[in-house]
Amino acid sequence: PLHVVFKDVSIQYPNEKKPAVRLASFQIKPGKNIAIVGPSGSGKSTLMQAMLTFAPIQSGHILVNDKEISKIAQESLWRQMNVSLQHNHFFYGSIYENLRFANKEAGEEACREALEKVQLSHFSLEDQVLEKGTNLSGGEKQRLALARLFLRDASIWLLDEPTSSLDAITEQEIMGQIEKATKYQAVVTIRHRLTGLENMDQIIVMNHGEIIEQG
Ligand code: ADP
Ligand code: ADP
């Protein structure tokens with residue numbers, strides 16, 4: 001399991017006048033379900049980018065199991081993460097091949113189960129994904145992207161608006177499946193909508209680059 005600690009983290013992009021994130025402190029503990037909410041531009045994605053080592057940190061510390069994140073090999077860090085960013089990419093091939101991209105060892109049964117968890121059982125493993133996934137609707141793409149995560153064994157799930165194209169009921173059911181699959185893993189979700197937050201262990205509210213509330 002991974003335990004991540006942000007301590008007074010400030011992040012400023014090159015050529016920007018103001019920091020995108022200012023003095024952010026919070027913790028991600030194993031097994032916790034955490035939502036990051038706040039208006040557009042408030043720094044939510046930047047926090048997630050920082051966990052992926054993609055953000056220009058100005059000051060402060062990010063510790064992963066007591067080790068500075070900058071001293072950890074990126075590959076070993078990413079291998080322990082299940083990430084869904086806002087634009088999901090698929091390649092031409094079968095649904096099965098696209099799922100197995102997440103885990104070369106995943107068998108047919110595991111892949112079918114993953115499709116079921118995201119309510120895509122109307123697809124068969126042999127169905128083809130067209131170039132850039134254009135035969136899938138926006139919601140189906142999001143669900144296929146999430147299906148891949150169920151096939152991986154990760155310590156932290158980082159999800160940037162994973163259900164933005166789904167209706168509230170489907171969202172609730174899929175987030176419930178994720179919760180079931182992550183008893184010992186942390187799940188950090190950036191959320192735009194403020195519904196469905198009652199099952200969260202922790203909510204972090206961002207505004208203008210600062211955490212204005214958490215708990
Ligand atoms: P949110 O995810 O809450 O919408 P972001 O973290 O994307 O917010 O953005 C926070 C601030 O950082 C915004 O002012 C945004 O314009 C700026 N920003 C985000 N990414 C970059 C970047 N790559 N280069 C410069 N500025 C950026
Ligand atoms: P390998 O076994 O080749 O070293 P990994 O086990 O790191 O590769 O990853 C296997 C596949 O899982 C990668 O090809 C990649 O597509 C996918 N993957 C890797 N990291 C992530 C992640 N953080 N979130 C989702 N999928 C990932």
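The values are calculated or read from the model by the stated rules, or taken from the named source; none is laboratory data. What you see is a predicted model, and the numbers here were worked out from it, not measured in a lab. Every residue, glycine among them, receives a Cβ derived from its backbone with ideal geometry; neighbour counts consider all protein chains shown. Areas reflect the complete protein model, heavy atoms only, side chains present, ligands, DNA and RNA absent. Shrake-Rupley method; radii C 1.70, N 1.55, O 1.52, S 1.80 Å.
Might you check whether a residue that is under 26 Å from I28 (Cβ atoms) and aliphatic (A, V, I, L, M) occurs anywhere in segment 110-120? Let's see the steps before the verdict.
Restricting attention to segment 110-120, the residues satisfying the condition of being under 26 Å from I28 (Cβ atoms) are 114, 117-118.
From what's left, aliphatic (A, V, I, L, M): 114, 118.
Taking every residue of segment 110-120 in turn, at least one turns out to be under 26 Å from I28 (Cβ atoms) and aliphatic (A, V, I, L, M).
For segment 34-52, give me each residue that is within 23 Å of T182 (Cα to Cα) and touching a helix residue (DSSP H, G or I) at 6+ places or on another chain (Cβ under 6 Å).
Applying the first criterion (within 23 Å of T182 (Cα to Cα)) to segment 34-52 yields 34-37, 44-45, 47-52.
I36, the sole residue that qualifies.
Step by step: first the residues of segment 1-28, then only those that are away from ligand 1 (no atom under 13 Å from the Cβ) and not hydrophobic (A, V, I, L, M, F, W, C), then the one that is least open to solvent (accessible area, probe 1.4 Å). Which residue is that? Walk me through how you get there before you give the answer.
Step one: list which residues in segment 1-28 are away from ligand 1 (no atom under 13 Å from the Cβ), which gives 1-8, 23, 25-28.
Those left that are additionally not hydrophobic (A, V, I, L, M, F, W, C): 1, 3, 7-8, 25, 27.
Numbers: P1: 116, H3: 64, K7: 115, D8: 78, S25: 44, Q27: 76 Å².
Step by step, filter segment 1-28, then rank; the result is S25.
Once segment 34-51 is narrowed to residues that are more than 9 Å from ligand 1 (Cβ to nearest atom) and not in a strand (DSSP E or B), the residue that is surrounded by the most Cβ atoms within 10 Å (Cβ to Cβ) is A50. Checking the stated criteria, E161 turns out to be acidic (D, E), in contact with a strand residue (DSSP E or B) (Cβ under 7 Å, 6 or more places away or on another chain) and at positive phi. The condition of being under 27 Å from S76 (Cβ atoms), assigned to a helix (DSSP H, G or I), touching a residue at least 12 places away in the same chain (Cβ under 8 Å) and among the small types (G, A, S) holds for only one of A154, A145, that being A145. Restricting segment 178-206 to residues that are in a loop (DSSP other than H, G, I, E, B) and acidic (D, E), which is least open to solvent (accessible area, probe 1.4 Å)? Among residues in segment 178-206 that are in a loop (DSSP other than H, G, I, E, B) and acidic (D, E), the one least open to solvent (accessible area, probe 1.4 Å) is D201.
Can you name the residue in segment 108-166 that is acidic (D, E) and under 30 Å from V37 (Cα atoms) and is also least open to solvent (accessible area, probe 1.4 Å) among such residues? Spell out the reasoning first.
Here is the first cut: in segment 108-166, the ones acidic (D, E) are 108-109, 113, 116, 126-127, 131, 140, 153, 160-161.
Then keep just the ones that are under 30 Å from V37 (Cα atoms); that gives 116, 140, 153, 160-161.
Values: E116: 118, E140: 34, D153: 136, D160: 11, E161: 35 Å².
Looking at residues that are acidic (D, E) and under 30 Å from V37 (Cα atoms), I get D160.
The combined condition, being hydroxyl-bearing (S, T, Y) and over 18 Å from the mean Cα position of the chain (by Cα), is not fulfilled by S155.
Condition check: away from ligand 2 (no atom under 16 Å from the Cβ) and buried (at least 20 other Cβ atoms within 10 Å of the Cβ). Does G31 satisfy that? Write out each step before concluding.
Working: away from ligand 2 (no atom under 16 Å from the Cβ): yes; buried (at least 20 other Cβ atoms within 10 Å of the Cβ): no.
Judged against the criteria, G31 is not a match.
Residue pairs whose Cβ atoms lie under 6 Å apart, separated by 6 or more positions or on different chains, with the first residue in segment 19-34 and among the aromatic types (F, W, Y) and the second open to solvent by less than 80 Å² (accessible area, probe 1.4 Å), are F26/F6; F26/I204.
What residue, of F54, F90, is open to solvent by 80 Å² or more (accessible area, probe 1.4 Å), on the phi < 0 side of the Ramachandran plot and either of a type in the set (S, T, N, Q) or outside any strand (DSSP E or B) (or both)? Before you say what the answer is, go through the steps one by one.
Values: F90 fails: open to solvent by 80 Å² or more (accessible area, probe 1.4 Å).
It is F54.
I'd like to know if segment 61-77 contains one or more residues that are within 16 Å of ligand 1 (Cβ to nearest atom) and in contact (Cβ under 8 Å) with a residue 60 or more places away in the chain. Please lay out each step first, then the result.
Step one: list which residues in segment 61-77 are within 16 Å of ligand 1 (Cβ to nearest atom), which gives 62.
Narrowing further to those that are in contact (Cβ under 8 Å) with a residue 60 or more places away in the chain: none.
Checked segment 61-77: no residue is within 16 Å of ligand 1 (Cβ to nearest atom) and in contact (Cβ under 8 Å) with a residue 60 or more places away in the chain.
Residues in segment 104-134 that are touching a helix residue (DSSP H, G or I) at 6+ places or on another chain (Cβ under 8 Å), within 15 Å of ligand 2 (Cβ to nearest atom) and part of a loop (DSSP other than H, G, I, E, B): A106, V118.
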